[in-house]
1. Express the accessible area of the range 34-140 per residue in Å², computed with a 1.4 Å probe while the remaining protein chains stay in the model.
2. Which order do the peptides 126-134, 53-61 come out in when sorted by mean C-beta neighbours inside 10 angstrom, highest first?
3. I need the phi-derived Karplus couplings for the range 143-148: 6.51 cos²θ - 1.76 cosθ + 1.60, θ = phi - 60°, integer Hz, Gly and Pro marked x.
4. If you take the Cα atoms of the range 47-157, find Rg, then find the Kirkwood Rh from the mean of 1/r over all pairs, what is Rg/Rh?
5. Quote to one decimal, in nm, the extra length available between Val98 and Ser56 on full extension: 0.36 nm per residue of separation minus the C-alpha distance between them.
Amino acid sequence: MSTLTAVLILAVLVAALLAAGVLFRARRGKGSGTRSLKRRFGPEYDRTLERHGGDSESAHHDLRERVERHGGIRPLPLEPAIREHYVAQWTMLQERFVDAPRQAVADADELLTRIAATRGFPDPHRREEQLAALSVHHPRHVEGLRTVRRAVHSASASTEELREALVHARALFEDLTAAGSPAGTEATGARPASGRHRGHLLKPKGSGA
């Protein structure tokens, strides 16, 4: 075997090894990115994947775009008096559910949207942007806001569905009004602001409860 042939063979082997290394790193990076997004978004990752028909590339692009747009938001702390005002409003709308379930759920939608704006998220009139921002900072509970909105806009929603929507939304309310944590309970594990009201049954009149 000539020296030139040996050099060519060696060059081909080196090129093949380099290509294999690049491919391995690309695949590992893709897998690592998936794991990172799953850790960050939790159930929101699965919901986004479902909305994109199982297309992981589109779902990942969607989630990364949200992080790029809204990840820099630093939620503002609530003044104690304002926080207590919001807690009182939430308690009132829960009690109002007994007589007016649909109105109570509509009030919950409006209140959550207002609190989010107070915390520094996009304004209420930019509802989709606000939802996207909340999904970055409160990915485990943002679905609660979507649930109350679907319930409010569904003419066929039953009283039980309205009740479940309000119960589901309460977790996001507790995150947004968490005491002692500008970033909410998801980041710190702080005690929910309205924990003392968690046992509220939200049973409408005539339910037999």
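1. Heavy-atom SASA per residue in the range 34-140 reads 51 Å².
2. Ranked from most to least packed, the peptides come out as 126-134, 53-61.
3. Those phi angles translate into 4, x, 5, 4, 5, 5 Hz.
4. Radius of gyration over Kirkwood radius for the range 47-157 works out to 1.02.
5. 10.9 nm
The values are calculated or read from the model by the stated rules, or taken from the named source; none is laboratory data. All values reported here derive from a predicted model rather than from experimental measurement. Every residue, glycine as well, gets a Cβ built from its backbone with ideal geometry; the counts of neighbours run over all protein chains shown. Side chains included, ligands, DNA and RNA excluded: accessible areas come from the protein's heavy atoms. Shrake-Rupley method; radii C 1.70, N 1.55, O 1.52, S 1.80 Å.
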